[in-house]
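Student: I'd like to ask you about the structure that follows.
The values are calculated or read from the model by the stated rules, or taken from the named source; none is laboratory data. Quick caveat, the model's predicted, so the values are computed rather than measured. In this analysis, Cβ positions are derived from the backbone assuming ideal geometry, glycine residues included, and neighbour counts consider all displayed protein chains. Keep in mind that these areas ignore ligands, DNA and RNA; they rest on the heavy atoms of the full protein, side chains included. Shrake-Rupley method; radii C 1.70, N 1.55, O 1.52, S 1.80 Å.
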Amino acid sequence: MTRDIRTVDDVLGMLDRLFTVETDRWTDGSCDWWDEFYANRSRDIPFFVDKPDENLASYLERGLIKPGRALDLGCGPGRNAAFLAAKGYEVDAVDLSRTAVAWGQERAREAGVDVRFHCGDIFTVGLPPGRYDLIYDSGCLHHLPPHRRVSYLALLERALAPGGHFALACFASGATGSKLPDEEFYRTRSLDGGLAYSLDDLRGLFTAFTEIELRAMRRQSPDSPLFGVSLLNTGLFQRPL
């Protein structure tokens, strides 16, 4: 028996270990699961398409965000990272999966853009010093257990520049994802495929930021140059100066 809980990180690590190996989607231990997920590129997975999120494209089109330094959290095969780079951003992109990162690197080369890809846990991977003008998350937050929101908010505080923007797309409550109360995940020791967030949930989580826009993602037709499904909620926030 050990009594080795001394820091907040020790508590977070202990809570991580409460979840079964099969449900882990956020630590380095899940690399193999994600590698297998991304191995077959021909699978009918909606976000395997080489298109940026419609909400992200809309923010740029309307001038709500402007090119600068960007960080893409849980970048997958790099579709949003490559889009941002093509629009003039200096981009760092992070994902747990080696297979996804390799795919993203291929896409960036084919598009003729520069993206710095990093393979690892978003909370521990080494990133270049300095702060980002934009942090974007498409599908990362909803795979984190409730206690890791503490780490997530700390990451935003550490990495986002004053006046910078944070944007995300995540499972929408009532459309997809688990609607269980937070405490139930610790009883079942499973994330039930991912957590659903309502617009009010997002508003309450990011109270330290100024809300710019919260809405459902707009569904896109197959021939659209943009990605959009009605199963996600999206948000754009700004960090106060």
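Student: What whole-number distance in Å separates the alpha-carbon centres of the stretch 1-54 and the stretch 143-215?
Tutor: 15 Å
Student: Still on this model: Give the accessible surface of the chain per residue, rounded to a whole number of Å², with probe radius 1.4 Å and ligands, DNA and RNA excluded.
Tutor: About 48 Å² of surface per residue is accessible.
Student: Another question about this same structure. Nothing charged except the Cβ atoms of Lys and Arg (+1) and of Asp and Glu (-1): what's the magnitude of the dipole of the stretch 16-99 about its Cα centre? Round to the nearest 20 debye.
Tutor: In debye, rounded to 20, the stretch 16-99 gives about 400.
Student: Per residue of the stretch 48-55, in order, report the coupling 6.51 cos²θ - 1.76 cosθ + 1.60 (Karplus, θ = phi - 60°) as ³J(HN,Hα) in whole Hz, putting x for Gly and Pro.
Tutor: 6, 5, 8, 9, x, 4, 5, 5
Student: Now, a different point. At 7 Å along Cα-to-Cβ for each site, give me the label-to-label distance between ASP28 and ASN40 in nm.
Tutor: Once both label points are built, they end up 3.0 nm from each other.
Student: Can you compute the charge dipole magnitude of the chain about its Cα centre, using +1 on each Lys and Arg Cβ and -1 on each Asp and Glu Cβ, nothing else charged? Give it in debye, rounded to the nearest 20.
Tutor: 420 debye
Student: While we're looking at this one, here's another question. In whole Å, what three semi-axes, largest first, describe the equivalent ellipsoid of the chain built from its Cα gyration tensor (square root of 5 times each eigenvalue)?
Tutor: Each semi-axis is √(5λ); the values are 26, 20, 19 Å.
Student: Starting from the Cα gyration tensor of the stretch 27-89, take the square roots of the eigenvalues, sort them a ≥ b ≥ c, and report rounded, prolate or oblate (rounded when a/c is under 1.5, otherwise prolate if a/b is larger than b/c, else oblate).
Tutor: Prolate is the answer for the stretch 27-89, as a/c is 1.5 or above and a/b outweighs b/c.
Student: Report, by chain and number, residues whose modeled amide H sits under 5 Å from the one on ARG69, excluding near sequence neighbours (fewer than 5 apart, same chain).
Tutor: Under 5 Å from the amide H of ARG69: GLU90, ASP133, LEU134.
Student: Can you give the alpha-carbon Rg of the stretch 40-134 over 2.2 N^0.38 Å, where N counts its residues?
Tutor: Scaled against compact globular proteins, the figure is 1.04.
Student: Given N residues in the stretch 108-234, what is Rg(Cα) / (2.2 N^0.38 Å)?
Tutor: That ratio works out to 1.15.
Student: Work out the charge dipole of the stretch 1-45 with +1 on the Cβ of Lys and Arg and -1 on the Cβ of Asp and Glu about the Cα centre, then indicate which of VAL8, SER42, TRP26 is farthest towards its positive end.
Tutor: Positive-end residue among those listed: VAL8.
Student: Based on the Cβ-Cβ distance from THR124 to SER221, what FRET efficiency comes out when R0 is 45 Å, to the nearest 0.05?
Tutor: For R0 = 45 Å, the calculated efficiency reads 0.70.
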